[in-house]
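Taking it in order: structure first as structure tokens, then the write-up.
The values are calculated or read from the model by the stated rules, or taken from the named source; none is laboratory data. Worth saying up front: this structure is predicted, and the values here are computed from it rather than measured. When we count neighbours, we look across all protein chains shown, and the Cβ atoms used for this are built from the backbone with ideal geometry, even at glycine. Note: areas computed on protein heavy atoms with side chains; ligands, DNA, RNA excluded. Shrake-Rupley method; radii C 1.70, N 1.55, O 1.52, S 1.80 Å.
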Amino acid sequence: MQRFYKLFLVILIVIIAINLYAFDYRSEMMSEDNSKVVFSIATAIIGIILLYVMHTWSKIGVKK
């Protein structure tokens with residue numbers, strides 16, 4: 001994996017960890033306070049999926 005992808009992978013994992021820490025488990029999942037955290041976690045997960053796709057596409061273009 002290139003350094004670029006590793007850097008963004010670490011950043012996205014840190015974002016998920018911070019948002020899991022900030023999540024209020026006592027209130028409802030989509031309450032006003034938690035909705036920002038839930039959407040941020042979902043965005044980070046989508047970012048990890050897109051990062052994996054970009055990494056896979058970069059491997060396809062490289063000749064062996």
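Just one of (1) in contact with a helix residue (DSSP H, G or I) (Cβ under 7 Å, 6 or more places away or on another chain); (2) exposed (fewer than 14 other Cβ atoms within 10 Å of the Cβ); (3) in a helix (DSSP H, G or I) fails for I15. It is (2). Selection within the range 20-47: residues that are among the hydroxyl-bearing types (S, T, Y) and closer than 16 Å to V10 by Cα. The member of this set that is most open to solvent (accessible area, probe 1.4 Å) is T43. Please find, within the range 55-64, the residue that is farthest from L9 (Cα to Cα) out of those that are assigned to a helix (DSSP H, G or I) and open to solvent by 80 Å² or more (accessible area, probe 1.4 Å). Among those that are assigned to a helix (DSSP H, G or I) and open to solvent by 80 Å² or more (accessible area, probe 1.4 Å), it is I60.
Would you check if there is a residue in the range 22-43 being of a type in the set (A, V, I, L, M) and within 10 Å of the chain's Cα centre (by Cα)? Yes, because at least one residue in the range 22-43 is of a type in the set (A, V, I, L, M) and within 10 Å of the chain's Cα centre (by Cα). Y5 - would you say it is surrounded by 14 or more Cβ atoms within 10 Å (Cβ to Cβ) and not aliphatic (A, V, I, L, M)? Yes; evaluated as a whole, the condition is true for this residue.
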